[in-house]
Amino acid sequence: MSNRHNPRRKYIYSWELSTVQDASSKEGSLIGINTLLANKLVKEAIEKGYLSELADVKKIDTEVSYGAEKSRIDLLVTQSNGQQCYIEVKNVTASFEPGVAAFPDAVTARGTRHLRELELMVQQRHRGIILFCVQREDIKQVRAAAEIDPLYPINLKMQDRRLGNYH
């Protein structure tokens, strides 16, 4: 738990971490459940050069309005060569099988809209990335959760087929 010391908040505490028991650990595995933290973690990873695909960063803007459907992108990265990269960060905490995270954890019309918006940016010769930020120490891979939202993985695959540089 953390105290934000913000009198305007409905609740002064935020739930940050939890544990889940799994077969590989007696103590359980930590899960970061603060969804707002994902964007900050990804921004910091880019700034520190941990993501080689996003090297040579000149500027990072957050929550920038864009697109035909009036969305806001989580991160807009401008590289030194002027190339813009639109990054949609997806916080991933769900897991239905050992070592494998699943996204989304609820039906997400918003997530499908983000796919369409990113496709439009790539068509305009920008880069578009969906970055799955997994805040679990017991996960080795991520998959689309068709059992939660059957349309999301279909739309994700359609975007991937149409756009060779779509991550």
For residues in region 133-152 being surrounded by 17 or more Cβ atoms within 10 Å (Cβ to Cβ) and not β-branched (Val, Ile, Thr), which is nearest to ILE33 (Cα to Cα)? GLN135
Given the residues ALA94, ALA109, which is the only one that is in contact with a helix residue (DSSP H, G or I) (Cβ under 9 Å, 6 or more places away or on another chain), modelled with pLDDT under 95 and either crowded, with 16+ Cβ neighbours inside 10 Å or closer than 23 Å to ASN155 by Cβ (or both)? ALA109
Could you check ASN6 against (1) more than 27 Å from GLN124 (Cα to Cα); (2) in contact with a strand residue (DSSP E or B) (Cβ under 8 Å, 6 or more places away or on another chain); (3) among the polar types (S, T, N, Q) and say which number it fails? (2)
Please note which strands (runs of 3 or more DSSP E) are completely contained in region 25-132 and include at least 3 residues that are in contact (Cβ under 8 Å) with a residue 12 or more places away in the chain. 25-32, 57-66, 71-79, 84-92, 100-103
Let me spell it out: the conditions are (1) under 30 Å from PRO98 (Cα atoms); (2) free of Cβ contacts under 8 Å to residues at least 60 places away in the same chain; (3) outside any strand (DSSP E or B), and PRO7 meets all of them except one. Which number is the exception? (1)
Subset tally (residues that are under 18 Å from LEU41 (Cα atoms) and either in contact with a helix residue (DSSP H, G or I) (Cβ under 8 Å, 6 or more places away or on another chain) or surrounded by 12 or more Cβ atoms within 10 Å (Cβ to Cβ) (or both)) for region 3-20: 4
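The values are calculated or read from the model by the stated rules, or taken from the named source; none is laboratory data. These figures come from a predicted structure and were not determined experimentally. Backbone-built Cβ (ideal geometry, glycine too); neighbour counts: all protein chains shown.
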